[in-house]
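The values are calculated or read from the model by the stated rules, or taken from the named source; none is laboratory data. Because the structure is predicted, anything quoted here is derived from the model rather than measured. Glycine gets a Cβ as well: all are built from the backbone with ideal geometry, and neighbour counts include every protein chain shown. Heavy atoms of the whole protein, side chains included, go into the accessibility calculation; ligands, DNA and RNA do not. Shrake-Rupley method; radii C 1.70, N 1.55, O 1.52, S 1.80 Å.
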Amino acid sequence: MTVSEIIKHPNFNRNTYDNDITLLHLSSPVVFTDYIKPVCLPAIDSTFYNGTSSWVTGWGNIATGVPLPSPQTLQEVNVPVIGNRKCKCLFNSDITNNMICAGLEQGGKDSCQGDSGGPMVNKQGSVWIQSGIVSFGIGCALPDFPGVYTRVSQYQSWINQHITTNQPGFITFTSSGTDDDLSVSCAIVPPITSTAAPVTVTTPAPVVCGMAKLNTLVGGGNSLASSGTWPWMASLQFNGSHVCVGTMVAERFVMTTASCFSRSTNSSQWTVILGRLNQNSSNPNEVSVKVANITISNLTGDNIAVVHLASAPKLSNYIQPICVDLGGTSFNINATCWTAGWGSGSVTQTLQEIQTTIMSCGNSSSNSICTTAIKLQEGSQGGPLMCKQGLSWIQAAVVTIQSNSTNTSVSNSTAASRSVRAQDIQVFTKTSSYSSFLTSVHSGFFIVTEISEV
């Protein structure tokens, strides 16, 4: 790949290495594969407490003055974060809030010359997040001199200012426990004094998409769902009546089909209900949320909609976001997937779950994903086609029900869901086809570019 533009941070200090960050604008888009994928970035409110396990990779020296020998295979090293107060004491100089340190106080593990610019990453759930950029150090792996990295979370606003389309996915990394770095002091780091009683800092569990703790599905065809099996399912209500299905894809965003809003896009007429199992009976775990606004994609062919909730619901085992495929996930032929929605098959209108299988799309567009035929009812439009990879559930497509299905060949089908009776399969438009639209609406979607088991 060639580079069309180099965007240096305007406040980079060559003496202190503060603001040591640069963006490279590639001349052409990258084609994602199993070996080339983007990393997630940490949101500005991320916390990386002392001791947080981190990984650094690069092709730099393997010791001071010792180059990486042929064939120069990519190296990896696991190092813990060292809190900034402790790091200042070790270096006896200023380590700014724009920096993050990592290494062993006894030495032995570190990045080295030639690794500069490379990533320090941390794993949260099934997602890798880049916390740091290799910046500087004293020697390599020396005792009491950890590596110093650019703290990426400090630059969320600056990065988004320069990447206006297809923005990176920023995710809040949340450390557990307490930050013992707050108790560190030395000659240049005065102790934190307070007359108040010591307070233990507790942090909420990180929000990780696609984790349904109450989902125990191992197979089976069509059935009524149990409470908590699909915690991202949303009932979109128009003036108090269920119209279509959506999925929670971020803490304040729900995704559905654009046809859901054919009658009205007036947000005041819509309500979203999360955690619901039955449409016509009590649901102790549900939450009703007002709608702030509705944004509809404007693509040729089928379109989707993103509903911005007026407030963030409290997450639980019954209300969680699903991961969304941005294009980095492969859905293998014959893999088992599911869809769900509220039909009219029972008095209570209990959420129904339907198992299906991924099929070949033949000569259909690469934007399509095909399954065995699914018998869907009108109240299920806007629901998800969802597949599990590792420990994460991923939404591969948004379901649209066609009122007049025809015997259309797969190679000519462009509908989000069209019955193809001759082959007995259905064709869906992948969520990855809407990646630019989704990230333009909100950069913090739980969009999965790579899935790996925890």
Just give me the residues in region 12-24 being open to solvent by 90 Å² or more (accessible area, probe 1.4 Å) and either touching a Cys at 6+ places or on another chain (Cβ under 9 Å) or at pLDDT 95 or above (or both), in sequence order. L24
Over region 158-182, the set of residues open to solvent by 40 Å² or more (accessible area, probe 1.4 Å), aliphatic (A, V, I, L, M) and either touching a helix residue (DSSP H, G or I) at 6+ places or on another chain (Cβ under 9 Å) or within 21 Å of T52 (Cα to Cα) (or both) is L182
All but one of (1) crowded, with 16+ Cβ neighbours inside 10 Å; (2) of a type in the set (A, V, I, L, M); (3) farther than 13 Å from T150 by Cα hold for I6; state the number of the condition that does not hold. (1)
Just one of Y155, Y149 is under 30 Å from S28 (Cβ atoms), open to solvent by less than 20 Å² (accessible area, probe 1.4 Å) and out of contact with any Ser or Thr (no Cβ under 8 Å at 6 or more places or on another chain); which is it? Y155
Of the residues G125, G114, which is surrounded by fewer than 24 Cβ atoms within 10 Å (Cβ to Cβ), under 14 Å from T64 (Cβ atoms), in contact with a Pro (Cβ under 9 Å, 6 or more places away or on another chain) and not basic (K, R)? G114
Among the residues of region 169-177, is any out of contact with any strand residue (DSSP E or B) (no Cβ under 8 Å at 6 or more places or on another chain) and at pLDDT below 90? yes
Is it fair to say T329 is part of a loop (DSSP other than H, G, I, E, B) and of a type in the set (V, I, T)? yes
Looking only at residues in region 30-55 that are over 21 Å from the mean Cα position of the chain (by Cα) and surrounded by 17 or more Cβ atoms within 10 Å (Cβ to Cβ), which one is farthest from F331 (Cα to Cα)? N50
If you scan region 243-298, which residues turn out to be in contact with a helix residue (DSSP H, G or I) (Cβ under 8 Å, 6 or more places away or on another chain), among the β-branched types (V, I, T) and more than 19 Å from T229 (Cα to Cα)? V243, V291, I294, T295, I296
Output for Cβ contacts, cut-off 7 Å, separation at least six or different chains, first residue closer than 15 Å to G341 by Cβ in region 217-230, second modelled with pLDDT under 60, reads L224/S346
Odd one out for N92 among (1) of a type in the set (S, T, N, Q); (2) modelled with pLDDT of 95 or more; (3) open to solvent by 30 Å² or more (accessible area, probe 1.4 Å): (2)
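Residues are listed down the side, and each one gets a yes or a no for (1) closer than 23 Å to Q426 by Cβ; (2) more than 17 Å from the chain's Cα centre (by Cα):
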{"position": "T300", "(1), (2)": "yes, yes"}
{"position": "I304", "(1), (2)": "yes, yes"}
{"position": "S311", "(1), (2)": "no, yes"}
{"position": "I322", "(1), (2)": "yes, no"}
{"position": "L326", "(1), (2)": "yes, no"}
{"position": "T329", "(1), (2)": "yes, no"}
{"position": "T339", "(1), (2)": "yes, yes"}
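Results for (1) open to solvent by 70 Å² or more (accessible area, probe 1.4 Å); (2) at pLDDT 90 or above, shown as yes or no for each residue.
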{"site": "E251", "(1), (2)": "yes, no"}
{"site": "T257", "(1), (2)": "no, yes"}
{"site": "N283", "(1), (2)": "no, no"}
{"site": "L299", "(1), (2)": "yes, no"}
What number goes with the only condition from (1) open to solvent by less than 20 Å² (accessible area, probe 1.4 Å); (2) of a type outside the set (S, T, Y); (3) at pLDDT 90 or above that W342 does not pass? (3)
Please determine whether any residue of region 17-29 is within 25 Å of the chain's Cα centre (by Cα), of a type outside the set (G, A, S) and closer than 16 Å to Y149 by Cβ. yes
